[in-house]
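Since every read-out is calculated from the coordinates, none of them should be taken as a lab result. Keep in mind it's a predicted model, so treat the numbers as computed, not measured. Here Cβ is always computed from backbone atoms with ideal geometry, including for glycine, and neighbour counts include all displayed protein chains.
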């Protein structure tokens, strides 16, 4: 099968969050199964060009119709750790992708509408006719719209679209200028509840909704989050649209790239280990303490890795630091705030706790340190407000680090409470789960985890091993996506 992924990120060359990891990991899995996979990405000025091999021009002066005129683009080609990627570079004075960042501009909807239009023009004019176009999140929501309303009449009538939503919180709300720019025009046609009109703002278009309505198949990134998106406020207003299109909507759990996240082969940790050689995990704990100037101790080491914002339950992250310290545990945090207020709050905490030998707050992100924390920590807290899938808990299980999670989204699909999970036998349980968003709920789970560590060390080690036995590689997800592709290919 010939598959083209159209996305705004692909790790490690462009990574602002988990989307980049998913696009790369899924592409690799599909390719290793013998399918032809190509990726189309924006050519940002802030990309990691050192991760691109053999970058060369593939299509110069690609004319992209825009506002009744034309914008020229150059399309470059290169390999990102074995994946064939095409990068679209706009020659517009708007400098769509030369902003020094991936997201965060006031005109993001216009930037990614242009990217979607340019990607479709590139497919059309380079005579690429994939069996499946797989696009991701609101940034590419216009791809199936334009394919159905425009490009199928120019020789692309056989292409089918799988549309994956990684986060319903950001949906690409915009006005009718997008229609004029892309050539879709006809605002009276698209400002329709059955098409692109936002479900709650009749004067706005919703690009994510457009993707849901027009794609041949829609999925989100875990089965439980698919249910949440339809029946709770986690769908951020799109629940009714998903209900209308429920026959083509499901959840497919993300995988983890074990070529990169594997304690047995990880080159970024001082001591490799696996489920049969767990004693060497302690060497990484010692190395982590030495690097972060924590005191040597028999205390458990609890970690948090990730963004510091509302989605991640930032108030519970803050509380978990002090609860750990008050209950004979050490704590390491690696993350940065997505707002100046949150970032400054944790910088203040870092300063306040600076002389405490049992805690270290690293405000920012460091890939090498993340690997060392996963390998060196005993437990990791993931107290998310909502979590479509989550990679943190999947990685921590592989590294033998017991996850303490809130029971939402993909966390509930992958972590099963040691003390009570009626759907899983005791030997299949792998962590601790709490459900409410208050301090007491988090404390109940942390208390049980810390208590097991101190009072029943053999049982704690058994829990670690049960977590490491789980296979959350891309193998299962790859099979499910291929089933979706086959399902829509001949519809």
Cα principal axis extents for region 163-217, largest first, Å: 28, 23, 19
Roughly what would the spin-label model give for residue 48 and residue 101, points 7 Å off Cα along C-beta, in nm? 2.0
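Kirkwood Rh, Cα Rg: Rg to Rh for region 1-102?
Details: Rg = 13.9 Å, Rh = 14.1 Å.
Checking Rg against Rh, the ratio lands at 0.98.
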Express the Stokes-Einstein translational diffusion coefficient of region 278-472 in µm² s⁻¹, to the nearest whole number, given a Kirkwood radius over alpha-carbon pairs, 4 °C and a viscosity of 1.567 mPa s. 79
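Could you tell me the calculated FRET efficiency between residue 363 and residue 200, based on Cβ-Cβ distance and R0 = 30 angstrom, to the nearest 0.05?
Values: r = 36 Å, r/R0 = 1.20.
The value I calculate is 0.25.
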Per-selection metrics, the chain (Cα): Rg and Dmax in Å: 23.2, 72
Over the chain, calculate the relative contact order: mean separation of alpha carbon pairs under 8 Å at least 6 apart, over the residue count, as a percent. 12
Taking one equal scatterer on every alpha-carbon of region 161-300, how large is log10 of I(q)/I(0) by Debye at q = 0.15 1/Å? -0.77
Working out 0.36 nm times the residue gap between residue 94 and residue 169, then minus their Cα-Cα distance, what length gain in nm do you get to one decimal? 24.3 nm
Roughly how large, in nm² to one decimal, is the mean projection of the convex hull of the alpha-carbon atoms in region 65-183? 8.1
When only alpha-carbon atoms count, how far does region 230-369 stretch along each of its three principal axes, as whole angstroms with the largest first? 57, 40, 26
Using alpha carbons only, how many degrees (0 to 90, rounded to 10) separate the axis of helix 474-489 from the longest principal axis of the chain? 20
With r as the distance between the Cβ atoms of residue 456 and residue 236 and R0 = 35 Å, compute the FRET efficiency 1/(1 + (r/R0)^6) and round to 0.05. 0.25
Let me check against my output: what whole-number percent is the relative contact order of region 292-383, with C-alpha pairs under 8 Å and at least 6 apart? 42
